[in-house]
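Okay, so here's the structure we're looking at.
Coordinate-derived values only; no laboratory data. Since the model is a prediction, treat every value here as computed from it, not as a measurement. When we count neighbours, we look across all protein chains shown, and the Cβ atoms used for this are built from the backbone with ideal geometry, even at glycine.
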There are 4 protein chains.
Amino acid sequence: MSYLIDIAITPVGTGSTSVSSYVKVVLEVLRRRNLKYFVAPSMTTFEIDDLNSLGEIVKEIHDELVLKGAMRIVTLIKIDDRRDKENSIDHKLNAIK
Amino acid sequence: MSYLIDIAITPVGTGSTSVSSYVKVVLEVLRRRNLKYFVAPSMTTFEIDDLNSLGEIVKEIHDELVLKGAMRIVTLIKIDDRRDKENSIDHKLNAIK
Amino acid sequence: MSYLIDIAITPVGTGSTSVSSYVKVVLEVLRRRNLKYFVAPSMTTFEIDDLNSLGEIVKEIHDELVLKGAMRIVTLIKIDDRRDKENSIDHKLNAIK
Amino acid sequence: MSYLIDIAITPVGTGSTSVSSYVKVVLEVLRRRNLKYFVAPSMTTFEIDDLNSLGEIVKEIHDELVLKGAMRIVTLIKIDDRRDKENSIDHKLNAIK
């Protein structure tokens, strides 16, 4: 069973309107954890098998954002938890074609 | 100047766990309005030049979802309003490459 | 018929981690428009009768945030559009008591 | 250090437009875990000291929603992670008064 997670991070108080270097941190953490992900302009979708791991993933991302200089981070997460059927990035993209 | 809008609709009380036919309505409305959009697994990003038009776009989408049988709709929207630089789907995707 | 709107604004690149002065702008605009609202720690809920007006409300808020110095604003909105029954702040708070 | 979490659950495919009985599950889980929370019309804010625990809390909530009959759940979470100052429900409410 897979959970689909959308994540969008917003660093606050950095003094710059650019956020792309922070978004790259999200992608690096997902790659390092071998999670399948999909990059959209304003957020990233990834798959996890264990919903318990969500906090650790977000914590790892935030800790790295703090190292990059963000002292406050507002993160939006949307979870799609479907128990009756397969749920995956590919499945959802195919369904709306 | 462009505003980037993420939208994710969730019909409530339909009796079915499938939402793809409802998501297609979102894409149809965006196409009909000639708005540039990007499809992600769990939401859609589109560009608008006039933030005032956001309500009308959402209203058109919701009214069609109601015609399809949704009696309650929970919609998530994220707006990225950047006043100092160009903001577009292509620009954002390039920045995180 | 009322639509319930949750709104949370995040100014980006201000150089300060404090956002409360920006949040106050949201409340001022809602008061000026005589919209019923409910203040929560991290977002504000308000009622509108006309979904078409949503874009104008958000535009007014963002324009004032720009005057206060925000050059980029990321805004999260959640819309609860219920067509079968009354929908209001009071009704929803009572239902979960 | 506290993290402020906003959570809004939406059960999908239940056949009913009412969600209040599902929202009560969220509040029960937060109470059982002795987490401080604040109830708003369309979402709930709670405080956690350990961001790692976020996944377990959401998992516990979703598992109970499934027991109540929800076969698909779309959950929205907003995290406010502030590293430079105290962050709490009371602090944020006071700041915007």
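Some observations on this one:
- Annotation note: of C:MET71, C:MET43, the sole residue that is free of Cβ contacts under 8 Å to residues at least 40 places away in the same chain and touching an Asp or Glu at 6+ places or on another chain (Cβ under 6 Å) is C:MET43.
- Members of the stretch B:43-79 that are under 26 Å from B:ASP90 (Cβ atoms) and touching a Phe, Trp or Tyr at 6+ places or on another chain (Cβ under 9 Å): B:THR44, B:THR45, B:PHE46, B:GLU47, B:ILE48, B:ASP49, B:ASP50, B:LEU51, B:LEU54, B:ILE57, B:ILE79
- Filtering the stretch C:49-64 to residues that are facing another protein chain (nearest Cβ under 9 Å), more than 12 Å from B:LEU51 (Cβ to Cβ) and out of contact with any Gly (no Cβ under 6 Å at 6 or more places or on another chain) leaves only C:ASP50.
- Failed item in (1) of a type in the set (Lys, Arg); (2) touching a Leu at 6+ places or on another chain (Cβ under 8 Å); (3) farther than 17 Å from B:LEU4 by Cβ, with C:LYS59 passing the rest: (3)
- Screening B:LYS59, B:LYS24 for residues that are among the basic types (Lys, Arg) and more than 17 Å from C:ILE77 (Cβ to Cβ) leaves exactly one candidate, B:LYS24.
- As for the stretch D:2-16, it holds at least one residue that is facing another protein chain (nearest Cβ under 9 Å) and either among the acidic types (Asp, Glu) or touching a His at 6+ places or on another chain (Cβ under 6 Å) (or both).
- Candidates in the stretch B:65-76 are the residues that are out of contact with any helix residue (DSSP H, G or I) (no Cβ under 7 Å at 6 or more places or on another chain) and on the phi < 0 side of the Ramachandran plot; of these, the one that is farthest from the other protein chains (Cβ to nearest Cβ) is B:LEU67.
- Residue ID - surrounded by the fewest Cβ atoms within 10 Å (Cβ to Cβ), chosen from residues in the stretch D:48-81 that are among the charged types (D, E, K, R) and closer than 28 Å to B:GLY13 by Cβ: D:LYS68
- Count of the stretch A:77-90 residues which are out of contact with any strand residue (DSSP E or B) (no Cβ under 6 Å at 6 or more places or on another chain) and facing chain D (nearest Cβ under 7 Å): 2
- Counting only helices (runs of 4 or more DSSP H) wholly contained in chain D, the ones carrying 2 or more residues that are more than 27 Å from C:SER20 (Cβ to Cβ) occupy D:20-32, D:54-67.
- Taken together, the residues in the stretch D:24-39 that are over 15 Å from D:GLU56 (Cβ atoms) and of a type in the set (Lys, Arg) amount to 3.
- Meets criteria (of a type in the set (A, V, I, L, M), within 7 Å of another protein chain (Cβ to nearest Cβ) and surrounded by fewer than 22 Cβ atoms within 10 Å (Cβ to Cβ)) for D:LEU93: yes
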